[in-house]
Each structure stands twice: as structure tokens, then as C-alpha cells.
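See below for the structure under consideration.
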Amino acid sequence: MSTCRTANLLPVIVAFMLALFGCAPKQRVFLSLEQYTANPTAYKNNEVILTATIAQLLDNYDQYRSKRIQVSAPFGYFGHQQFWTWHIMLQEGEKK
């Protein structure tokens, strides 16, 4: 009788193990475009997010196209002094 219970639990245990270890997310790596293009195969098992400023993004748009990007820049506030409405824009020098 106990062998039958163990046999019934085996698929549940296997499914649980696959859920824990088989579906593990990729490690997230933040890189500059230069670091990534120097050796892209080194990061094939990672989730690559390229970091860039607005100037870098606008100057090298084709290289950043269809990639995950984290853009950083100072932002400017414009608009009204209302609590519920935020009007912000990333701005680096003259580039917006």
C-alpha cells in the first residue's frame, strides 16, 4: 500500500523539481554597448540590459534598436503645479 502512494507522489515530486530548477530565470546583466559588442557570446545565457544616456542612444540608435535598454538622464519638469498630473521629460543638454 505504501509503494502505491510513493508511486503516485513521484510525478508530483518531479513536477515540483522541474518548477524549481527547470524554469529558473536568467541572470540579469547591465552592460554598456561597448562591453556587449566586445564579446556578445559571453552573455548568451544572461538577460542583457544595455545602459545608455540619451546622447548615446540618439547617436547610436541603430545599434540599440531591438535591445533592452536602461536610459538614464536628468529630467525636467514642465506643466502645471497639480498633484495628479506629472509632466516630465528626460533631457541631457539639448537632447530630449
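The values are calculated or read from the model by the stated rules, or taken from the named source; none is laboratory data. Just so you know, these numbers come straight off a predicted model, no measurement behind them. FYI the Cβ positions are ideal-geometry reconstructions off the backbone, even for glycines, and counts take in every protein chain you see.
Within region 24-37, identify whether any single residue is at pLDDT 80 or above, charged (D, E, K, R), assigned to a loop (DSSP other than H, G, I, E, B) and in contact with an Asp or Glu (Cβ under 6 Å, 6 or more places away or on another chain), and answer yes or no.
yes
Do you know which residues across region 12-65 are of a type in the set (Phe, Trp, Tyr) and either in contact with a strand residue (DSSP E or B) (Cβ under 7 Å, 6 or more places away or on another chain) or touching a residue at least 40 places away in the same chain (Cβ under 8 Å) (or both)?
Phe30, Tyr36, Tyr43, Tyr64, listed by residue number.
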